[in-house]
Amino acid sequence: MTQTSDLDRVSMIVLRYMRRPLFALLFVYSVGIVGMALMPGHVVDGETTRMNLFHAFYFFTYTATTTGFGELPNGFSDEQRLWTIFCLYTGVFAWFYAIGSLIGLVQNPHFIQAMDGFRFAQKVERNKEPFVILCGFGDTGSLLARGLSDHRMRAVILDADEERIKALGVRDYTVAMPGIRADAGAPKHLLAAGVKHPACLALIALTNDDDVNLKIAVMARHLNPRLRVICRSTSARHEANLRALDNVTVVDPFEIFAQLVYWAITRPELHNLNAWFVGARGTQLGVPVQVPRGDWILCGYGRMGHWIQGCLRAHGIGVRIIDPDVDADEAGESTIIVEAHADHSALLAAGIEDAAGVIAATDRDSDNLSTLLSVTDLNPDAFRIVRHNSHENQVAFDAARADLVLQHSLTTARRILKLLISPLVQELIDWLAEREPAQTQALVARLKMAVGAEPPHLWSVRLVPDEAPAVAEYLNAGGEVALGTLCQDADAFPESLPCEALAIRRAGQSIMLPDRFQASGEARIRWRLYDDAQQEPPPRGWMVSLARVDASRRSSRGRGRRRSLGMASPVGGWACGADASFPGPRNRRSGGIRTRRLHHPAQSLCRWPRPGSGHWREVS
Amino acid sequence: MNLERVVFGFFIVLTLSLNVAFVAGSIEMASYHNIWILTFAIIANLVAIGLKLGDRSQTGALLLASGLVAGLLLIAARIVWIVAEPAVGGAPGPDDMADIVSIARGALVANIIATVILVGDTLLSRR
């Protein structure tokens with residue numbers, strides 16, 4: 001038995017459903033036409049004339065559709081007029097019935113759903129641009145979609161909630177983002193969304209249900225083992241399951257949140273650098289938050305609270321917990337625990353006067369905000385970190401003026417976007433987190449020198465024949481290119497571009513913070529083809545992550561607060577900004593460029609910056 | 001015995017019979033060919049098409065296709081008749097009549113195919 005789509009099945013039902021009105025029309029027409037042809041007309045020359053069948057059909061057509069031309073082609077006899085009355089009533093009612101059935105059919109919810117599914121699958125199939133599949137369009141999902149849209153990356157969106165998909169319809173994304181109401185855990189919906197599509201870069205499971213996310217990840221792995229899967233998960237059991245699968249990245253919003261809180265408290269310079277990379281509002285490079293030393297009061301000991309406490313304890317920071325139903329065994333022996341809601345008395349009991357700060361991390365925004373008010377009353381010097389749950393309360397959190405507001409949907413979306421857009425940057429942050437703060441401070445100083453304090457524009461360049469033909473040719477011919485050469489400005493040679501190389505990835509290995517003017521060693525880029533004798537995987541080019549100031553971003557500042565992930569948008573990339581005659585990144589694909597031979601390898605970099613495209617796939 | 005099957009078979013065989021009744025006889029002589037029979041053949045054929053709608057099987061698809069071919073050709077023959085009919089009344093001339101009947105004979109082939117499928121399907125399912 002061949003597989004049939006929903007549309008096939010539904011269209012068959014539609015046809016069968018249409019039988020009845022069609023038969024009604026056919027019957028009424030047949031009786032009317034035959035009757036009209038049989039009715040005796042006027043007597044001419046002693047002979048009764050009759051309407052022929054064609055004229056009867058003509059007459060019935062204009063009568064049944066209520067056009068009513070009159071008595072054509074000749075005047076009617078009384079018998080014919082009698083039959084006309086019959087034809088008129090039956091014909092008009094038959095038409096009403098048929099049209100009514102048709103309208104009812106078009107409004108049938110199953111039919112509409114099948115048509116939507118069909119159109120959606122068509123849209124995905126015809127799409128040639130790279131895209132990601134986004135399962136779940138909640139707070140995190142919509143933030144991520146906005147971020148992807150800012151980077152001109154397409155997404156296909158699945159959500160089980162009709163209202164969310166309706167909400168998707170009124171967004172003004174820069175690229176097409178087809179969405180459909182469907183259960184993403186069903187393989188047929190994943191297939192319709194393009195799991196096997198060659199342009200599909202990744203699948204992101206962001207539904208609120210961990211079971212569903214696991215199911216999506218497993219289904220996707222079976223359907224297309226090569227597809228990268230990013231999966232949101234908050235339960236340890238699922239995580240263990242997911243991490244066992246290769247090509248699956250698990251993103252735990254609570255873990256990310258706890259990590260950010262921990263960085264903010266113990267590694268302010270790293271937190272500052274990370275916030276600057278993602279373009280968080282109000283972040284200035286090299287001006288980290290000043291966090292006092294001492295014990296912290298953690299209000300709320302749920303899943304998030306567990307992560308935060310675990311993270312801070314592991315690094316030797318004392319935590320006092322305020323939560324109405326905390327389990328003393330779980331929290332550890334020496335921990336101070338106040339079993340109450342985080343109000344005045346509870347904060348006093350936890351010793352707010354000598355605490356370094358408060359982390360209001362319950363899952364209720366009203367509780368967190370009221371805790372902030374109490375803390376301001378009791379100890380104005382305490383550092384206040386607050387968890388912001390629902391996007392609706394944004395204005396209240398802005399007004400609360402906490403020292404650090406963390407919204408877990410936003411932090412999760414930013415992390416995923418970083419993984420998709422510039423995976424090496426996240427690697428770099430993790431790399432720095434494992435090293436001395438001095439290394440981070442040195443990098444910050446370097447970045448300030450090179451690009452200034454403006455929000456950066458991050459992008460990756462792949463030195464592969466498809467994307468940088470001139471460099472590839474030069475390297476193939478035995479030439480060597482240092483990173484510093486690539487960073488030179490082709491228009492103002494030999495001046496350097498205001499950019500800084502953050503990381504290089506080659507043949508599965510990453511080099512962090514390469515020295516751009518190193519004459520030899522790792523950072524020197526050599527092009528070598530696959531060497532059979534050495535049995536090593538073929539190097540598939542380099543990926544260089546760079547940061548620079550985005551000119552277009554500076555000019556577009558203050559265009560009103562938009563719910564944005566903040567990662568700089570790639571529009572008006574520097575190729576366009578530097579010289580209008582140069583093809584920008586958007587029309588790079590239109591061809592013709594590859595035929596232009598470039599003399600200096602650095603020129604290639606200037607002409608083919610591809611910010612915001614999913615490069616990691618080829619490189620890994 | 002299933003009434004639906006009876007009605008289905010009735011209209012398919014009726015179409016074939018009416019089609020044969022129309023095309024039988026000299027191809028040019030109008031007196032052998034009755035316009036009423038052609039009209040009824042078209043109506044019977046349309047009913048048969050309606051009955052064939054909504055069958056998802058391979059046989060059903062072939063039946064519907066042959067029904068559509070027969071309907072198309074019969075309606076084409078009827079239109080030629082309308083155009084060729086003299087304004088004063090009477091039947092079309094021998095040339096036009098030959099056209100009409102040959103088109104209707106084409107429809108006959110499609111109707112025979114439909115009937116053969118129906119009969120064959122019925123016989124096979126008997127076993």
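General observations
- Every residue from the stretch A:42-79 that is touching a Ser or Thr at 6+ places or on another chain (Cβ under 7 Å) and either at pLDDT below 85 or within 14 Å of another protein chain (Cβ to nearest Cβ) (or both): A:L53
Residues are listed down the side, and each one gets a yes or a no for (1) β-branched (V, I, T); (2) without any contact (Cβ under 8 Å) to a residue 12 or more places away in the chain; (3) surrounded by fewer than 16 Cβ atoms within 10 Å (Cβ to Cβ):
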position	(1), (2), (3)
A:R9	no, no, yes
A:I33	yes, no, no
A:M36	no, no, no
A:M51	no, no, no
A:T66	yes, no, yes
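- Output for the stretch A:233-257, where each listed residue is touching a Ser or Thr at 6+ places or on another chain (Cβ under 7 Å) and charged (D, E, K, R): A:E239, A:D252
- Residues that are within 7 Å of chain B (Cβ to nearest Cβ) and among the aliphatic types (A, V, I, L, M), drawn from the stretch A:19-28: A:L22, A:L26
- When residues of the stretch A:205-220 are limited to those that are under 15 Å from the mean Cα position of the chain (by Cα) and farther than 15 Å from A:L245 by Cα, the one surrounded by the fewest Cβ atoms within 10 Å (Cβ to Cβ): A:T207
- Annotation note: of A:E495, A:E454, A:E436, the sole residue that is of a type in the set (D, E, K, R) and at pLDDT below 75 is A:E454.
- Every residue from the stretch B:1-33 that is at pLDDT 90 or above and polar (S, T, N, Q): B:T15, B:S17, B:N19
- Pairs, first closer than 22 Å to A:L513 by Cβ in the stretch A:468-496, second at pLDDT below 75 and among the acidic types (D, E), C-beta under 8 Å, six or more apart: A:L483/A:D515
- Test: residue in the stretch A:96-109 that is within 14 Å of another protein chain (Cβ to nearest Cβ), closer than 24 Å to B:T39 by Cβ and either in contact (Cβ under 8 Å) with a residue 40 or more places away in the chain or part of a helix (DSSP H, G or I) (or both): yes
- Counting only strands (runs of 3 or more DSSP E) wholly contained in the stretch A:221-329, the ones carrying 2 or more residues that are of a type in the set (A, V, I, L, M, F, W, C) and over 21 Å from the mean Cα position of the chain (by Cα) occupy A:296-299, A:319-322.
- Which listed residue is part of a helix (DSSP H, G or I) and either surrounded by fewer than 18 Cβ atoms within 10 Å (Cβ to Cβ) or among the acidic types (D, E) (or both), from A:A492, A:A445: A:A445
- Among the residues of the stretch B:34-50, those that are facing another protein chain (nearest Cβ under 10 Å) and either in contact (Cβ under 8 Å) with a residue 60 or more places away in the chain or not polar (S, T, N, Q) (or both) comprise B:I35, B:W36, B:L38, B:F40, B:I42, B:I43, B:A44, B:L46, B:V47, B:I49, B:G50.
- Hits in the stretch A:138-168 (condition: assigned to a loop (DSSP other than H, G, I, E, B) and farther than 16 Å from A:A202 by Cα): A:G138, A:A160, A:D161
- Residue list for the stretch B:2-33, filter: among the β-branched types (V, I, T), touching a residue at least 12 places away in the same chain (Cβ under 8 Å) and either surrounded by fewer than 14 Cβ atoms within 10 Å (Cβ to Cβ) or within 11 Å of chain A (Cβ to nearest Cβ) (or both): B:V7
- Test: residue in the stretch B:84-107 that is within 11 Å of another protein chain (Cβ to nearest Cβ) and not small (G, A, S): yes
The values are calculated or read from the model by the stated rules, or taken from the named source; none is laboratory data. Quick caveat, the model's predicted, so the values are computed rather than measured. So basically every Cβ, Gly included, is an ideal-geometry build from the backbone, and we count neighbours across all protein chains shown.
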